[in-house]
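The structure appears right after this line, and notes come after that.
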Amino acid sequence: EILVIYTAKNGICGKDFIKDLEQNGVLSAIRNENGCVKYEYYLPYEGTSTILLYEIWESPEHQRVHMTQPHMKLAMEIKQKYIDSVELKKLTEM
């Protein structure tokens, strides 16, 4: 389980980032990848610049392969337009 915490650029709405990913087919391509169990974005109710991505892969190898997929290049280009910083956290079972 991986939690990715994005901070949007000043004045950017997180919904616009997610909408751009969706309209360009990136989200459906990721969710259809072999080994993808969950890949979901969440926005805080308060409308801050924080965007959360919760992803689960069948194995670390599946996640590594995910990062090499052609649609991930487009995802990175889209991210550059909207995102100021990224923090990655691997979640452990409690």
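For Ile12, the criteria (1) at pLDDT 95 or above; (2) open to solvent by 50 Å² or more (accessible area, probe 1.4 Å); (3) β-branched (Val, Ile, Thr) hold in every case but one, which is (1). Taking the criterion of being open to solvent by less than 30 Å² (accessible area, probe 1.4 Å) and either among the hydrophobic types (A, V, I, L, M, F, W, C) or part of a loop (DSSP other than H, G, I, E, B) (or both), the residues of the stretch 19-28 that qualify are Leu21, Gly25, Val26, Leu27.
Restricting Val86, Val37 to residues that are part of a strand (DSSP E or B) and without any contact (Cβ under 8 Å) to a residue 24 or more places away in the chain narrows the list to Val37. Among the residues of the stretch 37-58, write down those that are over 9 Å from Gly14 (Cα atoms) and touching a Ser or Thr at 6+ places or on another chain (Cβ under 8 Å). Answer for the stretch 37-58, where residues must be over 9 Å from Gly14 (Cα atoms) and touching a Ser or Thr at 6+ places or on another chain (Cβ under 8 Å): just Pro44.
Select from the stretch 40-66 the residues that are of a type in the set (S, T, N, Q) and not in a strand (DSSP E or B) and write down the one among them that is most open to solvent (accessible area, probe 1.4 Å). If we take residues in the stretch 40-66 being of a type in the set (S, T, N, Q) and not in a strand (DSSP E or B), then Thr48 is most open to solvent (accessible area, probe 1.4 Å).
The values are calculated or read from the model by the stated rules, or taken from the named source; none is laboratory data. Bear in mind that the values here come from a model prediction, so they are computed numbers and not experimental data. Here Cβ is always computed from backbone atoms with ideal geometry, including for glycine, and neighbour counts include all displayed protein chains. All accessible areas refer to the heavy atoms of the entire protein, side chains included, with ligands and DNA or RNA removed. Shrake-Rupley method; radii C 1.70, N 1.55, O 1.52, S 1.80 Å.
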